[in-house]
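First up is the structure itself, then whatever we jot down about it.
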């Protein structure tokens, strides 16, 4: 049995508070509400929040409710600034977003899960979720399918049964395996309404030395991702991915 010191338990509870606030969209919450949500005594929740507030990790609004603090932004930006993939991809992400008018995502696997590492909004009226730092499901996204096809060992085993987000989500393991095999054969992945209704996307891999370092994806309203548009999006993403790979030291691909 794993032994955890009292300090480790306190850290776990503080982290749960931070993640709970983040997962609720950053909306301010009262101490009592947070305590109930995490099954903590009000006094414990208050003590943990006070400690987090001293570091700027949470802040209080005019009514005394808590919300994520500005120090989290500084920590997050510091991580991204030290992320070689983000630095190498930034110019390409911005250029393709302007070229296509769609939202462009850069994602990668970290600690066994997939996260949005960078994002650039397109010029269109609609804005595509998710935000930078959001965890994304492997079985219901184009980027996730790339990882299942080319780097499954970089991901933790999926939850069973696979979560269903929409009627189009591939929850059947055999159907998902067939889709992953198609992705492996063609070298790119698509998604339509499988995670978020009316959201479609196409993703291409970023590989160096045969290793999948990340993926680049365009996402937007499903009506924009017909056959012709999807081909244009994929070509632009592939060109950007080759440039990113070159910046990371990969030899040019034919």
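Scanning the range 220-254 for residues that are surrounded by 15 or more Cβ atoms within 10 Å (Cβ to Cβ), at pLDDT below 85 and not in a helix (DSSP H, G or I), we see that the one that is farthest from the chain's Cα centre (by Cα) is 250. Only one of the listed residues (128, 88) is crowded, with 18+ Cβ neighbours inside 10 Å, at pLDDT below 95, assigned to a loop (DSSP other than H, G, I, E, B) and assigned by TED's automatic domain parsing to the domain that holds residue 221. That residue is 128. Of all the numbered requirements in (1) out of contact with any helix residue (DSSP H, G or I) (no Cβ under 6 Å at 6 or more places or on another chain); (2) farther than 18 Å from residue 163 by Cα; (3) modelled with pLDDT under 95, residue 112 misses one, and that requirement is (2).
Residue selection: residue 49 fails the criterion of being crowded, with 16+ Cβ neighbours inside 10 Å, modelled with pLDDT under 85 and touching a strand residue (DSSP E or B) at 6+ places or on another chain (Cβ under 9 Å). Residues in the range 159-177 include none that are within 25 Å of residue 232 (Cα to Cα), touching a strand residue (DSSP E or B) at 6+ places or on another chain (Cβ under 7 Å), surrounded by fewer than 14 Cβ atoms within 10 Å (Cβ to Cβ) and assigned by TED's automatic domain parsing to the domain that holds residue 227.
The values are calculated or read from the model by the stated rules, or taken from the named source; none is laboratory data. Small disclaimer: the values here were computed from a predicted structure and weren't measured. All Cβ positions, glycine included, derive from the backbone under ideal geometry; neighbour counts span all protein chains shown.
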